[in-house]
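One structure is given below, encoded as structure tokens.
The values are calculated or read from the model by the stated rules, or taken from the named source; none is laboratory data. Note that the structure is a prediction, hence the values are computed from the model and not measured. Virtual Cβ from ideal backbone geometry, glycine too; neighbours counted across all protein chains shown. Surface areas here come from the heavy atoms of the whole protein model, side chains and all, with no ligands, DNA or RNA. Shrake-Rupley method; radii C 1.70, N 1.55, O 1.52, S 1.80 Å.
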Amino acid sequence: MRNPVTNIASMATVTDIPDWCTVEGAGIGVYQGFGIAGDGAENPLAAPDEAMLSRMHRASPAAHAHRVKTPTLLALGKVDRRVPVSQGLEYYHTLKGLGVPTKALLYPKCDHAIDLPASEADHWVNALLWLEEYLG
């Protein structure tokens, strides 16, 4: 998984796309052109309240981590502002705590794309080794 969104509730206030968290995670508002619009009942651009955070969490992989059995490889760009590195690290620690084979690859100079040649090559080599280890 490359820079995965794993807990929309914890991402909502630290990302450069909080509107995505609101629309996709809480189901509030719809995309219109270059922005989002609410349905009149709730403001999609407002700071998330407890109910909204709860909806976001329920829509997140973190809420269902107890069901994960598959060995998981995470590739994380440390300067990603879209999906902060904390998302992947939170998921890494959760899965490790549940006994799921998990490895995190951290790329200190990469953002969301993880597209520096050395980092991208390292990721693909590690992905191949991971697949060989768990698929034989």
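For the reader, a short list of remarks on this structure follows.
- Within region 62-84, the set of residues being under 19 Å from Ser119 (Cα atoms) and in contact (Cβ under 8 Å) with a residue 40 or more places away in the chain comprises Thr72, Leu73, Leu74, Ala75, Leu76, Gly77, Asp80, Arg81, Arg82, Val83, Pro84.
- Residue within region 9-20 that is more than 25 Å from Trp124 (Cα to Cα), touching a Pro at 6+ places or on another chain (Cβ under 6 Å) and at pLDDT 85 or above present: yes
- Filter result for Val5 (open to solvent by 70 Å² or more (accessible area, probe 1.4 Å), at negative phi and at pLDDT 85 or above): no
- Scanning region 1-28 for residues that are more than 12 Å from Glu90 (Cβ to Cβ) and outside any helix (DSSP H, G or I) yields a count of 10.
- Filtered residue count, region 70-95, keeping only those that are open to solvent by less than 50 Å² (accessible area, probe 1.4 Å), out of contact with any Asp or Glu (no Cβ under 7 Å at 6 or more places or on another chain) and either more than 11 Å from Asn7 (Cα to Cα) or in a helix (DSSP H, G or I) (or both): 11
- Single unsatisfied condition, Leu131 versus (1) of a type in the set (A, V, I, L, M); (2) closer than 22 Å to Thr15 by Cα; (3) over 13 Å from the mean Cα position of the chain (by Cα): (2)
- Test: residue in region 41-55 that is of a type in the set (Lys, Arg), modelled with pLDDT of 85 or more and farther than 30 Å from Leu128 by Cβ: yes
- Positions within region 96-136 being outside any helix (DSSP H, G or I) and among the aliphatic types (A, V, I, L, M), in sequence order: Leu98, Val100, Ala104, Leu105, Leu106, Ala113, Ile114, Leu116
- Pairing each residue of region 93-105 that is within 24 Å of Leu128 (Cβ to Cβ) and among the β-branched types (Val, Ile, Thr) with any residue that is outside any loop (DSSP other than H, G, I, E, B) and modelled with pLDDT of 95 or more, provided the two are 6+ apart or on different chains, yields C-beta distances under 6 Å for Thr102/Thr72; Thr102/Tyr92; Thr102/Leu95; Thr102/Lys96.
- Among the residues of region 8-19, the ones that are of a type in the set (A, V, I, L, M) and open to solvent by 40 Å² or more (accessible area, probe 1.4 Å) come to 1 in all.
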